[in-house]
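The values are calculated or read from the model by the stated rules, or taken from the named source; none is laboratory data. Worth saying up front: this structure is predicted, and the values here are computed from it rather than measured. All Cβ positions, even for glycine, are placed from backbone atoms using ideal geometry, and neighbour counts span all protein chains on display.
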Amino acid sequence: MNGFAEGRVTARRDWAPGLITLTVDAPVEPFVAGQFVSLGLELDRQLVRRSYSIASPPGAALEFYLKEVPEGALTPRLTRLSVGEKVWVERKPQGFFTLAYVPPARDIWFIATGTGLGPFIAMLRGTEVWQRFEHVNVVHGVRHAQHLSYGDELASLAAAHPGALSYTSLVSGGPNGSALSGRVTTAVANGTLEQSVGQLLDAERSHLMLCGNPDMILELTMVLTLRGLRKHRMRTPGHISAEKYW
Ligand SMILES: Cc1cc2nc3c(=O)[nH]c(=O)nc-3n(C[C@H](O)[C@H](O)[C@H](O)COP(=O)(O)OP(=O)(O)OC[C@H]3O[C@@H](n4cnc5c(N)ncnc54)[C@H](O)[C@@H]3O)c2cc1C
């Protein structure tokens, strides 16, 4: 397969039915946290490939945080791979959803829906984010509470960086434990999120990285635009960077 290396699954963690983290051994080229590669499987003699964010930092074993889309072409197979099975991995990581493209700011907000948390896990396991920002506010929105993965690791990171990391989970399907209820966009629009985090989300001090569901990214960008925040572009620096998953 041109441009692809043969990888092997070395571990899998099941968070909930259809929601897993796969660890893969494959010789990919150097990358930075936030980048993605294509993963592929041969199905009916054709390589079916899709893009996946690398959820681990450079130097660590490659991890991917994956969700099954039941009607999808690849994920019903990808999320059933067992340890030892083969997966094609694109050799050259790509993408600009990285801290290198984030302009100076006091606080960074990592806002994810579903598996959009993956690239932020890679960044949080590195060092740059802790050196550059005073507050790192992680926000994870899911439909069902069982899809709130990485909670223990985020709690450990918060303990290791006291006062720097806040972690807020939102469950849109109804209230659950310490998670806020509802959608991320609503919680930003009505001020609940800032109240819960204890930080203002404004153009003076904040940069936001949004990842996952394209509707969340579109709607949240509209809400933030009304507050004077702008999309970040190379030529016109702003406050919002985004990676849409579909
Ligand atoms: C840069 C980038 C990085 C990505 N990283 C990840 C990642 O780390 N983890 C991950 O799970 N996915 C990630 N995706 C999504 C991934 O590439 C696939 O689109 C997804 O896994 C579905 O593939 P499929 O072949 O099963 O479904 P397809 O046959 O390609 O899609 C069927 C339909 O499902 C919808 N769809 C796609 N993804 C989702 C989803 N997550 N939830 C609900 N509906 C969806 C779309 O409308 C699509 O038309 C990323 C996408 C991009 C562009």
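List of remarks:
- For Arg77, the stated conditions hold: it is of a type in the set (Lys, Arg), at pLDDT 95 or above and closer than 27 Å to Glu29 by Cα.
- Residue list for the range 77-95, filter: in contact with a Gly (Cβ under 8 Å, 6 or more places away or on another chain) and assigned to a loop (DSSP other than H, G, I, E, B): Thr79, Arg91, Lys92, Gly95
- In the range 99-114, residue nearest to the chain's Cα centre (by Cα) [restricted to those that are within 13 Å of the ligand (Cβ to nearest atom) and surrounded by 24 or more Cβ atoms within 10 Å (Cβ to Cβ)]: Ala112
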